[in-house]
Structure formats: structure tokens, C-alpha cells
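Following: one structure in C-alpha cells, then a few remarks.
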Amino acid sequence: MINIENVSFKYKNSDYILKNINFSVNDGEVIAIVGKNGSGKSTLGRLIAGITKLKEGNITIDNINTSKDIKAIREKVGIVFQNPENQIIFNNIYDELSFSLRDLEKSEIEERISTSLKQVDMFDFKDKDLYSLSLGQKQRIMIAEILAKNPKYIILDEPTTMIDSYGKEKIHDIIIDLKQKGYTIICITNLSDEILLADRTLILNNGEIVAEIPKDELLDKSDVLKKYDIKLPTLLDILIQLKNEGIQLPVKDFSTAGITTAFKECLHTGGNV
């Protein structure tokens, strides 16, 4: 479990970027953190990952304080940033993934690399050079690099902002698959459709958490998203329009397939369609 307690943060000669942040992330959850640019989202992710040093408050990960045992934290938490090209060290994919595993036996390195590449559907590119890949493929390699380290927690800091729609769909599929495998994921995002991948959505505004919305309350609390200028996910917007027309769908899965299933169930049972 991740616990964030009374966390405030500011850079030298700046105003507070984060103000008295408090929340927890349960094991196996996917949490979306949304907010306008400058709201403090990325800074919060860096603090949790131990990249930026915490000055006020406490962050504990499995009861380990990020300010006291940074090595243990970095073994538990992996972070992927917005631009994959800023994270690449080597041109060759195998070299890139094996670098942080160099203290392990060769057989384990091989196994971890193969497993992580399969998880992101990039195994066939194992011996390729990174410069030949698309931006979306590079981002998937960066996720594989994190997975090869066997973290328990993964922070994705706007992972799909710079890539095309196909690349976004592939990473969304990866997030769904990782959740099913039991990973705990914090997705920092400006893209509304990624809210639908999360169990809970936290809204940051001017450095403060102003709302927390469970997934099953998104439809009823869509006005809260609008209040803080968070664009509604396309599928949620469709459900709102249907609701306004008197069509209530018993949606359990906020996806195209989930809404289609709910629509068919409603027709089958003679519901209000």
C-alpha cells in the first residue's frame, strides 16, 4: 500500500506546488491523477517514486518511508515518463533492458527481458534498435524496461500524450493487462479516456486534491470533472447524452464493449431504452 500524508512541496524560490496532499493507494488498484497543467501531478509522481526529495509530510510504500530508504523504494516503484526518447540510454533494445539487470545471472536477465517484452507485445523486436521504432513502440519498450525490474508499483506520467491513437490503445491494453496481473498503477494523465481505466480518479487543482471519484460514480459526478475543466471521456459523454434522453444503461464496464453489453442487456430485459 502507498500512503501519502500531509505532503506539501515547493521548489526553491517558488510558491507551493503541492499543498497538504493526503490519500492512499491500495494494492492492485489503478488510480488516475488528473488536473490542468501546473497542478502538481508530475511532481507528486516524482515524490512517490523517490526521484524528487520529500521535504514536508510523509510518503510510505509498504511501510517504508521514501525519505529513509530510497534504494528499497526504487526496487518497489518504477516510473515511466511522457517522452520515451528522454529515457533511452542505448540504441539496442536488449542492451537497454539488460543494463539495470547487470548484477543478475545471465539466464535470469534473459528470462526477465523476454517476459517483459511479451507483456508489452514487443518480443519480436528484441534484437532491434530503438531508433528504428515509432514513438509508441519506444514507450512500450520503456514500460518493458520497468517491468523487467519486477516492481510492485508502476507510475505512468502522461505515458500516451506524445503518441498516436494506435499507440495509445496498445498502452491502454497494457494497463488493463497489468491490473489483471495484480500490479498497482498510478496513471498521471491529461487524457480523459484514461480515466476510464482507473478504479478511482483524483483531481488536483492548484496543488490540492479537490475531488476523489470512484469509477462507479463517474456518471453521477461528471459535473465535478467539468467544474475543474477536465474533459469528459468520450464514452462517458455518450452515456450522459443517453441519460438525458431517458435511456439508462446498467454499465459495469466503461468501455465500448462494456457499453454495448449493457445496451444489449437492457434490450433483452425490456429496460428503459
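For L191, the conditions (1) surrounded by fewer than 19 Cβ atoms within 10 Å (Cβ to Cβ); (2) under 14 Å from the mean Cα position of the chain (by Cα); (3) within 17 Å of I79 (Cα to Cα) are fulfilled apart from (3). Only a single criterion out of (1) without any contact (Cβ under 8 Å) to a residue 24 or more places away in the chain; (2) within 30 Å of G38 (Cβ to Cβ); (3) acidic (D, E) is not satisfied by D103, namely (2). Whether a residue is in contact (Cβ under 8 Å) with a residue 40 or more places away in the chain and open to solvent by 40 Å² or more (accessible area, probe 1.4 Å) was assessed, and D127 does not pass this test. Among the residues of the range 174-186, is there at least one that is closer than 30 Å to L104 by Cα, buried (at least 16 other Cβ atoms within 10 Å of the Cβ) and touching a Phe, Trp or Tyr at 6+ places or on another chain (Cβ under 6 Å)? Checked the range 174-186: at least one residue is closer than 30 Å to L104 by Cα, buried (at least 16 other Cβ atoms within 10 Å of the Cβ) and touching a Phe, Trp or Tyr at 6+ places or on another chain (Cβ under 6 Å). Residues of the range 134-187 that are part of a helix (DSSP H, G or I) and aromatic (F, W, Y): Y166 alone.
Residues checked against (1) among the small types (G, A, S); (2) modelled with pLDDT under 90:
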| site | (1), (2) |
| --- | --- |
| F23 | no, no |
| K55 | no, yes |
| K76 | no, no |
| P84 | no, no |
| S100 | yes, yes |
| E110 | no, no |
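Please go through the range 82-114 and give me each residue that is open to solvent by 20 Å² or more (accessible area, probe 1.4 Å) and of a type in the set (D, E, K, R), ordered by number. Scanning the range 82-114 gives E85, D95, R102, D103, E105, K106, E108, E110, E111, R112.
The values are calculated or read from the model by the stated rules, or taken from the named source; none is laboratory data. The shown structure was predicted, so the numbers you read here are calculated from the model rather than taken from an experiment. Positions of Cβ are backbone-derived with ideal geometry, glycine not excepted, and every protein chain shown enters the neighbour counts. Heavy atoms of the whole protein, side chains included, go into the accessibility calculation; ligands, DNA and RNA do not. Shrake-Rupley method; radii C 1.70, N 1.55, O 1.52, S 1.80 Å.
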